[in-house]
1. From the residues in segment 30-75 that are among the hydroxyl-bearing types (Ser, Thr, Tyr) and over 27 Å from Pro97 (Cβ atoms), which one is farthest from the chain's Cα centre (by Cα)?
2. Would you point out which residue out of Ile106, Ile122 is more than 17 Å from Met16 (Cβ to Cβ), under 11 Å from the mean Cα position of the chain (by Cα) and aliphatic (A, V, I, L, M)?
3. Any idea how many residues of segment 69-104 are more than 25 Å from Ile134 (Cβ to Cβ), open to solvent by less than 30 Å² (accessible area, probe 1.4 Å) and polar (S, T, N, Q)?
4. Which condition breaks for Val42 when tested against (1) open to solvent by 60 Å² or more (accessible area, probe 1.4 Å); (2) in contact with a helix residue (DSSP H, G or I) (Cβ under 7 Å, 6 or more places away or on another chain); (3) aliphatic (A, V, I, L, M)?
5. Going residue by residue through segment 116-125, is there one that turns out to be in a loop (DSSP other than H, G, I, E, B), of a type outside the set (A, V, I, L, M) and under 19 Å from Lys7 (Cβ atoms)?
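The values are calculated or read from the model by the stated rules, or taken from the named source; none is laboratory data. The structure presented is a predicted model; accordingly, all values stated were derived computationally and were not measured. Don't worry about glycine lacking a Cβ; one is built from the backbone with ideal geometry, like all the others, and counts go over all protein chains shown. The protein model used for the area step is the full one, side chains on, heavy atoms only, and it has no ligands, DNA or RNA in it. Shrake-Rupley method; radii C 1.70, N 1.55, O 1.52, S 1.80 Å.
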Amino acid sequence: MDIEQNKNLMKKFETMINTMDINLANELISPEAKFTTPISSVPLVGGEGYLSVVQFMRSGFSNIQWEIEEMVAENNIVAINWTCSGTHDGEFLGIEPTGKNFNARIMNFYYFDDNGKIINDIAAEGMIAIFKAIGACPLLV
């Protein structure tokens, strides 16, 4: 795949996660893609599996949004530096809503197959920023 094509696909991906668009998810993510996540003991598969992680985040932060801040692409890999923001207005991992807002920087690496579909997403440890913002890690505040 062309680097610019991959970057354009990631802009559509940003729309997909912010709107929970299953049609875009199926367009952008390989049906064979497997994603490992702390919210599931088994890998989540395809576009629907990916959006289940987004839905999990929305259960604790109903207004959560991701914005691409920086993007670097090489061959079949795109690195994204995201700003993720929202309000802790629902239970999240057993933590009752605090009403606190957060704004966190999160880094992900996305891997594409030869057909231009995402086959893997490797996330940096960005969750600690969310826990810090909602007071779940008092030693880090």
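1. Ser30
2. Going through Ile106, Ile122 in turn, the sole match is Ile122.
3. Of the residues in that region, 0 qualify.
4. (2)
5. Residues of segment 116-125 in a loop (DSSP other than H, G, I, E, B): 116-117, 124-125.
In the following step, the residues that additionally are of a type outside the set (A, V, I, L, M) were identified as 116-117, 125.
Pick out the ones that are also under 19 Å from Lys7 (Cβ atoms) and you get 116-117.
Checked against the condition, which is being in a loop (DSSP other than H, G, I, E, B), of a type outside the set (A, V, I, L, M) and under 19 Å from Lys7 (Cβ atoms), segment 116-125 yields at least one hit.
Listed here are the residues, each with its yes/no results for (1) surrounded by 15 or more Cβ atoms within 10 Å (Cβ to Cβ); (2) at negative phi; (3) β-branched (Val, Ile, Thr).
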{"residue": "Ile22", "(1), (2), (3)": "no, yes, yes"}
{"residue": "Ile29", "(1), (2), (3)": "yes, yes, yes"}
{"residue": "Phe35", "(1), (2), (3)": "yes, yes, no"}
{"residue": "Phe56", "(1), (2), (3)": "yes, yes, no"}
